[in-house]
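Undergrad: There's a structure below that I have some questions on.
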Amino acid sequence: MTPPGPPAPQLDEPQLAVDTRLCPRWHVILLDDDDHSYDYVIEMLMRIFDHSLETAYHMALEVDTNGRVIVDTTTKERAELKQEQVHAYGADWRIPRCQGAMSAVLEPAE
């Protein structure tokens, strides 16, 4: 039997640099105009953003009062998709002079 040799050198465990960052968030902001009814706005917000009737109503009231309302805060890719859906929603059939969909803009969330 041979005597035990020197102990094996201890290797340091590799250190992983973990950089966890959240994706920047973006606001989808609905802009007011006079060519869409409350019913249109509420219906659109419920269909596109899956807001409840109550939430959609309060957002419609806010866009009418303040000229704009944040309807979603999400990733940039999803915000762009939702903006396109708003722009593609079409005219309000309830108002004959209405020529198209409402407008939405994107802004970085702070």
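Undergrad: Could you please find all residues in segment 67-104 being loosely packed, with under 13 Cβ neighbours inside 10 Å and either aromatic (Phe, Trp, Tyr) or closer than 16 Å to His27 by Cα (or both)?
TA: Of all residues in segment 67-104, those loosely packed, with under 13 Cβ neighbours inside 10 Å come to 67, 77, 84, 88, 90, 93-94, 96-97, 99.
If the condition is that a residue be loosely packed, with under 13 Cβ neighbours inside 10 Å and either aromatic (Phe, Trp, Tyr) or closer than 16 Å to His27 by Cα (or both), then Gly67, Glu77, Glu84, Trp93 are the ones that fit.
Residues checked against (1) among the aliphatic types (A, V, I, L, M); (2) touching a helix residue (DSSP H, G or I) at 6+ places or on another chain (Cβ under 9 Å); (3) without any contact (Cβ under 8 Å) to a residue 12 or more places away in the chain; (4) closer than 17 Å to Glu107 by Cα:
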{"residue": "Tyr38", "(1), (2), (3), (4)": "no, yes, no, no"}
{"residue": "Glu54", "(1), (2), (3), (4)": "no, no, yes, no"}
{"residue": "Met59", "(1), (2), (3), (4)": "yes, yes, no, no"}
{"residue": "Asp64", "(1), (2), (3), (4)": "no, yes, no, no"}
{"residue": "Val69", "(1), (2), (3), (4)": "yes, yes, no, yes"}
{"residue": "Glu77", "(1), (2), (3), (4)": "no, no, yes, yes"}
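Each value in this text was obtained by applying a stated rule to the coordinates, not by laboratory testing. The shown structure was predicted, so the numbers you read here are calculated from the model rather than taken from an experiment. We place every Cβ from the backbone using ideal geometry, glycine too, and count neighbours over all the protein chains shown.
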